[in-house]
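Okay, so here's the structure we're looking at.
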Amino acid sequence: MRKIINSTYVSLDGVVENPQNWTPAYFQDEAAAYARDLLFTCDALLMGRETFDGFSQAWPAMEEAAGDFGVRMNTMSHYVVSDSLKKPGWGDTTAIPRAGAVAEITKLKEQEGRNILQYGFGPVSRTLVENGLLDELRLWIHPVIVGPADRNEFLARADFSASFELADTRTFGTGVIVATYVPAAK
């Protein structure tokens, strides 16, 4: 069975939104190699509508600069949980209706293939955790305090809780720590 791996950048104060504004200084060769290795263990991307909108606009234009990473991002299968997406227009993209998301994602996990990668932590991630579908949570903890953010821009929510166990850590010279967690045994 395929695993779903979530890879999320997070600041010391728990902000996950707009990482393009506060992570570039920390993305050096070590981080790039780690991100590449993770991407190439997967053959599909799973995302919510906001992530899809950002990725589908950005990645086609970044393919040349990003090399094989960009090619991989653009050519692997994309699955987006959305009720409003009618014509995805970014490579091999399939829209999954919210009402049937748990069943469809369960089927994806049962298919032959490599792991499924998800970037960022939002409503789709919470659905995965709540339904036992997330296999790994890799938090890229950045040594930066971003400051005031909208309540919806934080990793934690008042109506959401989950327990995890530490499976691995990786520390980069820039001070970024990638903490890999798996769901805690019940």
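Please verify whether Ser7 is out of contact with any Ser or Thr (no Cβ under 9 Å at 6 or more places or on another chain), in contact (Cβ under 8 Å) with a residue 12 or more places away in the chain and of a type in the set (S, T, N, Q), treating the condition exactly as stated.
Criteria met by Ser7.
Might you check whether a residue that is surrounded by fewer than 18 Cβ atoms within 10 Å (Cβ to Cβ), among the basic types (Lys, Arg), more than 27 Å from His142 (Cα to Cα) and at pLDDT 95 or above occurs anywhere in segment 1-15?
yes
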So, in segment 68-126, exactly how many residues are basic (Lys, Arg), part of a loop (DSSP other than H, G, I, E, B), free of Cβ contacts under 8 Å to residues at least 60 places away in the same chain and touching a Lys or Arg at 6+ places or on another chain (Cβ under 9 Å)? 0
With (1) assigned to a helix (DSSP H, G or I); (2) within 22 Å of Val129 (Cα to Cα); (3) in contact with a helix residue (DSSP H, G or I) (Cβ under 6 Å, 6 or more places away or on another chain); (4) among the acidic types (Asp, Glu) as the list, and Glu50 as the residue in question, which single condition is left unmet? (3)
Provide a single number: the residues in segment 17-31 that are assigned to a helix (DSSP H, G or I) and surrounded by 13 or more Cβ atoms within 10 Å (Cβ to Cβ). 4
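Residue by residue, here is whether (1) out of contact with any Pro (no Cβ under 6 Å at 6 or more places or on another chain); (2) crowded, with 18+ Cβ neighbours inside 10 Å; (3) closer than 28 Å to Gly100 by Cα; (4) among the small types (Gly, Ala, Ser) holds:
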| residue | (1), (2), (3), (4) |
| --- | --- |
| Met47 | yes, yes, yes, no |
| Ser56 | yes, yes, yes, yes |
| Glu64 | yes, no, no, no |
| Val80 | yes, yes, yes, no |
Does Phe40 qualify as being surrounded by 15 or more Cβ atoms within 10 Å (Cβ to Cβ) and under 27 Å from Pro143 (Cα atoms)? no
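Given the condition farther than 30 Å from Val71 by Cα and not charged (D, E, K, R), answer yes or no: does some residue in segment 173-183 qualify? Outline the logic, then answer.
Restricting attention to segment 173-183, the residues satisfying the condition of being farther than 30 Å from Val71 by Cα are 183.
From the residues that got through so far, the ones that are not charged (D, E, K, R) too are 183.
Checking segment 173-183: at least one residue is farther than 30 Å from Val71 by Cα and not charged (D, E, K, R).
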Only one residue in Gly120, Gly91 is closer than 19 Å to Phe40 by Cα, of a type outside the set (Lys, Arg), in contact with a helix residue (DSSP H, G or I) (Cβ under 8 Å, 6 or more places away or on another chain) and buried (at least 19 other Cβ atoms within 10 Å of the Cβ). Which one? Gly120
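The values are calculated or read from the model by the stated rules, or taken from the named source; none is laboratory data. Note that this is a predicted model, so its numbers are computed, not measured. FYI the Cβ positions are ideal-geometry reconstructions off the backbone, even for glycines, and counts take in every protein chain you see.
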